[in-house]
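K.L.:
For reference, the structure I am asking about is given below.
The values are calculated or read from the model by the stated rules, or taken from the named source; none is laboratory data. If you're wondering where the values come from, they're calculated on a predicted model, not measured in any experiment. With ideal geometry, Cβ positions are generated from the backbone for all residues, glycine too; neighbour counts draw on all protein chains shown.
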Amino acid sequence: MRRGPFRAGTFTSPLHEPRTAVVLGRWLGAALLVCFLTGLTSHLLQDPPGWLAGHLPARPVNGYRFTQGLHVISGTAAVPLLGAKLWTVYPRLFEWPPARSVLHGLERLGIAVLVAATLLELFTGLLNTLQWYPWPFPFRQTHFWLGWLATGGLLVHLGVKAPLIATHWWRRAAPALAGRRAFLTATTAAVGTVTLVTAGQTVPWLRALDLLAPRRPDVGVQGIPVNRTAAQAGTLTVPADWGLQVDGPQPYRLTLAELAELPQYEAELPIACVEGWSASARWTGVRVVDLVRLAGAPAGSALRVTSLEADGPYRVMEMPAPYADDPLSLLALRINGQELTADHGYPARIIVPNRPGVLQTKWVSRIEVLAR
Ligand SMILES: Nc1nc2c(c(=O)[nH]1)N[C@H]1C(S)=C(S)[C@@H](COP(=O)(O)O)O[C@H]1N2
Ligand SMILES: [Mo]
């Protein structure tokens, strides 16, 4: 009955042993925890619960660029680490009989959940960086709940294995083993390589090495990548009577020429896409807080911004007060000194510090001051 991997003596490498598993587990665990915490940050910034929205900080300017960059970097590094770790422990996955006791059975069930959730989590995340969604379920919610499942599974795993981990934590306690160092060095080299050839999509000084990332942050219309083009959004032709509608205590409407006559400000701010690329530009336009004031609304107001786009998940965006009040937050009309092209949101777009790219609404048509 016991065939294939279930036969005794199937796995011959001496590296299927606890010290190797512990060393890899430390790095993998660290990468997954960083990934989880930065992922939670991203989730909260994108979709804050009501009690939190008014307290989200608009600074530091590059905060989201940093945390989301770290999210994608740690997730990418976790891929080779997970491969090495699974290779090290996989004889245990084929242990026979499947359960020696109820407790042992439960532990193995936990491992099954942990491995499945982690594999799926890294897989969906990796495909998201490619903007490829070959599945029927919504990416964001799935990725979010798998993250909890994987992290919960990881914590249970660490608890169950704590004695084993403690025994094999220090090198002096571990018997020397031919090949262990070479295997760990090869894994480190693999992690270093995938990191170096992808991190340039967000880390400026690694840009030259950015060979495998799906995006080059300096390649795109007006020097910045575009995720959703004007053609895809159906906003290539802006209505001839376009005007910015601002609704508040004193509603008003401004043409593009009138907007350009208001005091213009400049801000150097990044687009930090949730998919992991980010790039800075010099934006020029009207301060959001000035538009709010013109509508007779007080500082501390939250806003709803609507795009010309007919539909799409980012057509309507809410902006909590700390962003709306920040002097760097602009309704931008220009990028790097040029008028916005259609792909970057002509006639006007939002650019705000420390916020995910998905919330930097393009092709803005309406701003509403929300009742407090
Ligand atoms: N109306 C609208 N605004 C949008 C989007 C969109 O699909 N529709 N995409 C967002 C995303 S995902 C990003 S990363 C930024 C990218 O801005 P860029 O195309 O100017 O680089 O725009 C955001 N603004
Ligand atoms: Mo994005």
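K.L.:
For the stretch 227-240, what are the residues that are farther than 18 Å from LEU359 by Cα and either hydrophobic (A, V, I, L, M, F, W, C) or within 11 Å of ligand 1 (Cβ to nearest atom) (or both)? Show your work before the answer.
P.N.:
As a first pass, look at the stretch 227-240 and keep what is farther than 18 Å from LEU359 by Cα: 231, 234, 236-240.
ALA231, GLY234, LEU236, VAL238, ALA240 - these are the residues of the stretch 227-240 that are farther than 18 Å from LEU359 by Cα and either hydrophobic (A, V, I, L, M, F, W, C) or within 11 Å of ligand 1 (Cβ to nearest atom) (or both).
K.L.:
Let me ask something else. Considering each residue of the stretch 336-372, count those that are more than 16 Å from ligand 2 (Cβ to nearest atom) and over 23 Å from ALA297 (Cα atoms), and give that number.
P.N.:
The qualifying residues number 9.
K.L.:
Of the residues LEU308, LEU303, LEU340, LEU294, which is hydrophobic (A, V, I, L, M, F, W, C), over 24 Å from PRO217 (Cα atoms) and within 12 Å of ligand 1 (Cβ to nearest atom)? Before you say what the answer is, go through the steps one by one.
P.N.:
Working: LEU303 fails: within 12 Å of ligand 1 (Cβ to nearest atom); LEU340 fails: over 24 Å from PRO217 (Cα atoms); LEU294 fails: within 12 Å of ligand 1 (Cβ to nearest atom).
Only one candidate passes the filter, namely LEU308.
K.L.:
If the requirement is being in contact with an Asp or Glu (Cβ under 6 Å, 6 or more places away or on another chain) and at pLDDT 95 or above, which of these qualifies: ALA233, ALA257, ALA272?
P.N.:
Working: ALA257 fails: in contact with an Asp or Glu (Cβ under 6 Å, 6 or more places away or on another chain); ALA272 fails: in contact with an Asp or Glu (Cβ under 6 Å, 6 or more places away or on another chain).
ALA233 is the lone residue from the list that is in contact with an Asp or Glu (Cβ under 6 Å, 6 or more places away or on another chain) and at pLDDT 95 or above.
Yes or no, residue by residue, for (1) surrounded by fewer than 17 Cβ atoms within 10 Å (Cβ to Cβ); (2) away from ligand 2 (no atom under 16 Å from the Cβ); (3) in the same structural domain as GLN201 (by TED's automatic domain parsing); (4) on the phi < 0 side of the Ramachandran plot:
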residue	(1), (2), (3), (4)
ALA230	no, no, no, yes
VAL246	no, yes, no, yes
LEU259	no, yes, no, yes
GLU268	yes, yes, no, yes
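K.L.:
Could you grab me the full set of residues in the stretch 168-227 that are touching a strand residue (DSSP E or B) at 6+ places or on another chain (Cβ under 6 Å) and modelled with pLDDT of 90 or more?
P.N.:
Just the residues of the stretch 168-227 that are touching a strand residue (DSSP E or B) at 6+ places or on another chain (Cβ under 6 Å), to begin with: 202, 217, 222, 224.
Within the stretch 168-227, THR202, GLN222, ILE224 qualify.
K.L.:
Just one of (1) part of a helix (DSSP H, G or I); (2) among the β-branched types (Val, Ile, Thr); (3) within 16 Å of ligand 2 (Cβ to nearest atom) trips up VAL289, so point out which.
P.N.:
(3)
K.L.:
Another question about this same structure. Inside the stretch 19-55, can you point out the residues that are more than 15 Å from ILE165 (Cβ to Cβ), assigned to a helix (DSSP H, G or I) and of a type in the set (Gly, Ala, Ser)?
P.N.:
ALA31, GLY39, SER42, GLY50, ALA53
Conditions tested, residue by residue: (1) within 16 Å of ligand 1 (Cβ to nearest atom); (2) over 31 Å from the mean Cα position of the chain (by Cα); (3) not in a loop (DSSP other than H, G, I, E, B).
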| residue | (1), (2), (3) |
| --- | --- |
| PRO225 | yes, no, no |
| TRP242 | yes, yes, no |
| VAL246 | no, yes, yes |
| ARG253 | no, yes, yes |
| ALA260 | no, yes, yes |
| ALA267 | yes, no, yes |
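K.L.:
Separate question: Working only within the stretch 196-223, note down all residues that are in a loop (DSSP other than H, G, I, E, B) and within 15 Å of ligand 1 (Cβ to nearest atom).
P.N.:
First, the residues of the stretch 196-223 that are in a loop (DSSP other than H, G, I, E, B): 197-198, 202-203, 210-220.
Within the stretch 196-223, THR202, ALA213, PRO214, ARG215, ARG216, PRO217, ASP218, VAL219, GLY220 meet the criteria.
K.L.:
When only residues in the stretch 93-120 that are surrounded by 13 or more Cβ atoms within 10 Å (Cβ to Cβ) and touching a residue at least 40 places away in the same chain (Cβ under 8 Å) count, which is nearest to TRP277 (Cα to Cα)?
P.N.:
Out of the qualifying residues, it is THR118.
K.L.:
Moving to a separate point now. Can you confirm whether the stretch 178-197 contains a residue that is loosely packed, with under 11 Cβ neighbours inside 10 Å and touching a residue at least 24 places away in the same chain (Cβ under 8 Å)?
P.N.:
yes
K.L.:
Go over the candidates ILE271, ILE335 one by one and state the one that is within 11 Å of ligand 1 (Cβ to nearest atom), within 23 Å of the chain's Cα centre (by Cα) and under 30 Å from THR76 (Cβ atoms). Break it down into steps so the answer makes sense when it comes.
P.N.:
On the way: ILE335 fails: within 23 Å of the chain's Cα centre (by Cα).
Answer to the selection: ILE271.
K.L.:
Just to check your reading of the model, which residue among GLY50, GLY69 is surrounded by fewer than 19 Cβ atoms within 10 Å (Cβ to Cβ), small (Gly, Ala, Ser) and either modelled with pLDDT under 95 or under 23 Å from the mean Cα position of the chain (by Cα) (or both)?
P.N.:
Exactly one residue qualifies, and that residue is GLY50.
K.L.:
Follow-up. If you go through the stretch 160-177, how many residues are loosely packed, with under 11 Cβ neighbours inside 10 Å and assigned to a helix (DSSP H, G or I)?
P.N.:
Keep residues of the stretch 160-177 that are loosely packed, with under 11 Cβ neighbours inside 10 Å, which gives 162-163, 170-173, 175-176.
Still in the list and also assigned to a helix (DSSP H, G or I): 162-163, 171-173.
Here the count works out to 5.
K.L.:
A further question follows. Name the single residue that is surrounded by the fewest Cβ atoms within 10 Å (Cβ to Cβ) among those in the stretch 137-159 being aliphatic (A, V, I, L, M) and without any contact (Cβ under 8 Å) to a residue 60 or more places away in the chain.
P.N.:
So the residue we want is LEU155.
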